[in-house]
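What follows is a short report on a single structure.
The values are calculated or read from the model by the stated rules, or taken from the named source; none is laboratory data. This one's a predicted model, so the numbers in the text were calculated from it and none came from an experiment. Please note: Cβ atoms are built from the backbone with ideal geometry, for glycine as well, and neighbour counts cover all protein chains shown. In case anyone asks, the SASA skips ligands and DNA or RNA and just uses the protein heavy atoms, side chains included. Shrake-Rupley method; radii C 1.70, N 1.55, O 1.52, S 1.80 Å.
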Amino acid sequence: EKGMYPFYMLKEIDEQPAVLRRLAQTYVTEDGQTTIDDALLTHMSQSDRIYVVACGTSYNAGWATKHAIETMTGIPVELHVSSEVGYRLPMLSKHPFFIFLTQSGETADSRQVLVKVNELNLPALTITNVAGSTLSREATYTLLLHAGPEIAVASTKAYTAQVTLMNLLGKALGMKLDRQEARDFDIVHELGLAANAMDTIINEKEVIDQAMAQLLETTRNAFYIGRGADYYVAMEAALKLKEISYIQTEGFAAGELKHGTIALIEEGTPVFGLITDTLTGPHTRGNLKEVESRGANTFVIASEALAKESDQLVMANVHEFLTPLVTVVPTQLIAYYASLHRGYDVDKPRNLAKAVTVE
Ligand code: F6R
């Protein structure tokens, strides 16, 4: 039940810190051992490439964890949109391992790829929120997101649960492969810090509420920019904003703007900048300056270490593998309040359904 919440989406945003903590408890024992099936880890440790297949928000969650998994395991990770590889599988390595990221476990586009993968007798893991769902039943292995039911059509806690679980899997696999990069990542501790950082943002949601009443009440378009991890969150942030507020939004690699898209920046265009990546953050700042000088209304979401006085929202620093978990929260709230201020049914955006069972 949504109880005191006006919409499920807000309730589900609020639940995210608890979901992180629950996942850490479910997948790591008191003495730091993983509870992930050893047969799965053995199978994955023998693969030379991981193919992550997903749609929409789940696809964005895959991107948000590519760097962490590659770093911890040393195995390259490729991302594929299900509907693009359903007819023609990507070129495969000698020992491919497939991961299907699907909150509902029922997405037809993703299932079509799994059917092909099964025909080739290749191993697959489904990561889903729904036990017994079609993709869970049909894949060799399943890991559950334990996010609790997600009612709002716009996915929030399933995204953060996917990012969390992919990190837990990367850590467990990296340990299995005896990698220093995995040993160095104290995942339970770091997830605790990320959950606390999420809590802080959620407790200050009124700031976002007020700011969006101004920034997004009437605009027709908006942009999210970032580099590295911040770019992957920008893609998810843009999807969330467009699907429930109907504001045409693009998530962009900040450095790519100048190669064409900057032509769309006008007086008053809202541009959200995400700055948590130490390596690239300063360069995104430069891109924000460029759009400001063309009239854009910028809104900067930065981590403490990289923040400036003028930034609109400052978040606690967290481990580089986990920044998407925290950065995405203000963007979910931005989408929520934009939709609310425009007077829409936040939980039930037009033309969309919770599980997409058609091709
Ligand atoms: C957006 C959203 C969709 C889903 C997509 C895949 O908020 O929820 O983009 O992420 O339809 O769904 P699943 O994860 O169930 O395969």
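Residue under question is V130, and the condition is that it be in a loop (DSSP other than H, G, I, E, B) and in contact with a Gly (Cβ under 7 Å, 6 or more places away or on another chain); does it hold?
For V130, the condition - in a loop (DSSP other than H, G, I, E, B) and in contact with a Gly (Cβ under 7 Å, 6 or more places away or on another chain) - is met.
Limited to the range 25-46, what total is found for residues that are more than 24 Å from the chain's Cα centre (by Cα) and surrounded by 20 or more Cβ atoms within 10 Å (Cβ to Cβ)?
Step one: list which residues in the range 25-46 are more than 24 Å from the chain's Cα centre (by Cα), which gives 29-33, 37-39, 42-43, 45-46.
From the residues that got through so far, the ones that are surrounded by 20 or more Cβ atoms within 10 Å (Cβ to Cβ) too are none.
Residues that pass the stated criteria total 0.
Take residues that are buried (at least 24 other Cβ atoms within 10 Å of the Cβ) and tell me which of the helices (runs of 4 or more DSSP H) falling wholly in the range 149-240 contain 2 or more.
157-176, 187-203, 205-215
Name the residues in the range 315-336 that are touching a helix residue (DSSP H, G or I) at 6+ places or on another chain (Cβ under 6 Å) and more than 16 Å from the ligand (Cβ to nearest atom), would you?
Within the range 315-336, M315, A316, N317, V318, H319, F321, L322, T323, L325, V326, T327, P330 meet the criteria.
In the range 306-342, how many are open to solvent by 10 Å² or more (accessible area, probe 1.4 Å), more than 21 Å from H283 (Cβ to Cβ) and part of a helix (DSSP H, G or I)?
Residues in the range 306-342 being open to solvent by 10 Å² or more (accessible area, probe 1.4 Å), more than 21 Å from H283 (Cβ to Cβ) and part of a helix (DSSP H, G or I): 3 in total.
Considering each residue of the range 271-306, count those that are within 19 Å of the chain's Cα centre (by Cα) and in contact (Cβ under 8 Å) with a residue 60 or more places away in the chain, and give that number.
Total meeting the criteria: 1.
Would you tally the residues in the range 307-332 being without any contact (Cβ under 8 Å) to a residue 24 or more places away in the chain and of a type in the set (A, V, I, L, M, F, W, C)?
Number of matching residues: 1.
Of all residues being touching a residue at least 40 places away in the same chain (Cβ under 8 Å) and within 14 Å of the chain's Cα centre (by Cα) in the range 70-103, which is most open to solvent (accessible area, probe 1.4 Å)? Just the residue, please.
Filtering the range 70-103 down to residues touching a residue at least 40 places away in the same chain (Cβ under 8 Å) leaves 71-75, 83, 86, 92-103.
From what is left, the residues that are within 14 Å of the chain's Cα centre (by Cα) are 101-103.
On the way: L101: 2, T102: 3, Q103: 28 Å².
Ranking the qualifying residues of the range 70-103, first place goes to Q103.
Within the range 1-23, take every residue that is buried (at least 19 other Cβ atoms within 10 Å of the Cβ) and hydrophobic (A, V, I, L, M, F, W, C) and give me the one that is farthest from P76 (Cα to Cα).
By that ranking, first place goes to F7.
Being over 17 Å from P123 (Cβ atoms) and either small (G, A, S) or within 16 Å of the ligand (Cβ to nearest atom) (or both) narrows it down to one of A61, A39, so name that one.
Within the list A61, A39, the selection yields A61.
Among what's in the range 72-112 and is aliphatic (A, V, I, L, M) and under 13 Å from I127 (Cα atoms), pick the residue that is farthest from the ligand (Cβ to nearest atom). Before you say what the answer is, go through the steps one by one.
First, pick out the residues of the range 72-112 that are aliphatic (A, V, I, L, M): 72, 75, 77, 79, 81, 85, 89, 91-92, 99, 101, 108.
Filter again for under 13 Å from I127 (Cα atoms), leaving 99, 101.
Working: I99: 12, L101: 7 Å.
Restricting to residues being aliphatic (A, V, I, L, M) and under 13 Å from I127 (Cα atoms), the top hit is I99.
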